[in-house]
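Structure first, then comments.
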Amino acid sequence: MNKLLLALIIPIYLLSGVSLASEKAKMSVTYLPASKADLRYQGIIKRSEINQLVQALAETYFTFNNPLQIEYGSQDGPLYDPNSHTIHIPYSFIVDSIDYFIQNAYKAELADSAEQAAVDALLHTLLHEIAHAYIADNGIPILGKEEDAADNFAAIIMLNYIDAGDDALLNAADLFALESEHRPDFYELGEYIDEHSFDLQRYFSSLCLVYGSEPEKYPALLNEIEKDYRVDRKSFCIEHFQVITKNWQGYFAH
């Protein structure tokens, strides 16, 4: 399963058709027809086995009351449509992610290839959209931005239940950082009340949770932060990880 390995045993699914379903998790995956150019990226998604991964996680931790559909090849997205209880992910998402990493010489600087980094970003995005579906399916009250809660859900799942999930989350966070580099120095005023936090905020929020999960492993992870704030922020991140984990685990199956 490449770098992403489950910390639990998952069933093996045969990908002979276009649909991948899990009865217990009530989750199915569909691939819409791909253009000749997109066939490569459809293949990357299938070979990554992240769909089997999230299905196994759903069976164990976040089961759905109503069938959830994951559709690859949609025109819009990534997004969760509450009306159809469907997650839409266009092939262009992984195309654009790979391009971002390639343009920034990702493979030359780090151990992971641009393709692996894009798969990690896709996993985070998929879990983020699953969080929206899980919140809607279970009527979970959210006090604050649901988009931030969905980011936290994805991070907590990756850090607590996926082997090498911390590495994958760092790759996903790097995509936020890369995307932020193409933003202007000043945002439009309307963006300050957008449902999403800014990309650079999402980057540092992800780093915070990774550090908080294993501070001994990542002593220098928050060194981008000004030295005057660093000690305080490190203490906060440790507590923040524990609080977010406890809060979400209260809604998980045990």
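Residue 203 meets the conditions (1) buried (at least 16 other Cβ atoms within 10 Å of the Cβ); (2) over 18 Å from residue 174 (Cα atoms) in every case but one. The failed one is (2).
Among the residues here, residue 106 qualifies as at pLDDT below 95, buried (at least 21 other Cβ atoms within 10 Å of the Cβ) and of a type in the set (Ser, Thr, Tyr). Among the residues of the range 23-55, those that are of a type outside the set (Ser, Thr, Tyr), under 26 Å from residue 251 (Cα atoms) and over 16 Å from the mean Cα position of the chain (by Cα) comprise 23, 24, 25, 26, 27, 29. Screening residue 144 on (1) surrounded by fewer than 17 Cβ atoms within 10 Å (Cβ to Cβ); (2) in contact (Cβ under 8 Å) with a residue 40 or more places away in the chain; (3) of a type in the set (Gly, Ala, Ser) shows it passes everything except condition (2).
Residue pairs whose Cβ atoms lie under 9 Å apart, separated by 6 or more positions or on different chains, with the first residue in the range 32-48 and over 14 Å from residue 93 (Cα atoms) and the second buried (at least 18 other Cβ atoms within 10 Å of the Cβ) and among the small types (Gly, Ala, Ser), are 32/73; 32/74; 33/73. Search the range 182-210 for residues being more than 17 Å from the chain's Cα centre (by Cα) and hydroxyl-bearing (Ser, Thr, Tyr), and hand back the single one that is modelled with the highest pLDDT. By that ranking, first place goes to 187.
Can you say whether residue 129 is assigned to a strand (DSSP E or B) and modelled with pLDDT of 95 or more, as far as the supplied structure shows? In short, no. Does the range 142-163 hold any residues that are at pLDDT 95 or above and outside any helix (DSSP H, G or I), and which are they? Within the range 142-163, 162 is the sole residue that qualifies.
Here residue 248 passes the criteria (1) free of Cβ contacts under 8 Å to residues at least 40 places away in the same chain; (2) surrounded by 13 or more Cβ atoms within 10 Å (Cβ to Cβ); (3) out of contact with any Cys (no Cβ under 9 Å at 6 or more places or on another chain) except the one numbered (1).
Of all residues in the range 110-125, those that are at pLDDT below 95 have Cβ atoms under 7 Å from Cβ atoms of residues that are part of a helix (DSSP H, G or I) and surrounded by fewer than 21 Cβ atoms within 10 Å (Cβ to Cβ), 6 or more apart or on another chain, in 113/107; 114/102; 114/107; 115/44. Filtering 176, 252 for residues that are modelled with pLDDT under 90 and either among the hydrophobic types (A, V, I, L, M, F, W, C) or under 30 Å from residue 99 (Cα atoms) (or both) leaves a single hit, 176. Within the range 55-82, the only residue that satisfies the criterion of being modelled with pLDDT under 95 and on the phi > 0 side of the Ramachandran plot is 77.
The values are calculated or read from the model by the stated rules, or taken from the named source; none is laboratory data. Since the model is a prediction, treat every value here as computed from it, not as a measurement. In this analysis, Cβ positions are derived from the backbone assuming ideal geometry, glycine residues included, and neighbour counts consider all displayed protein chains.
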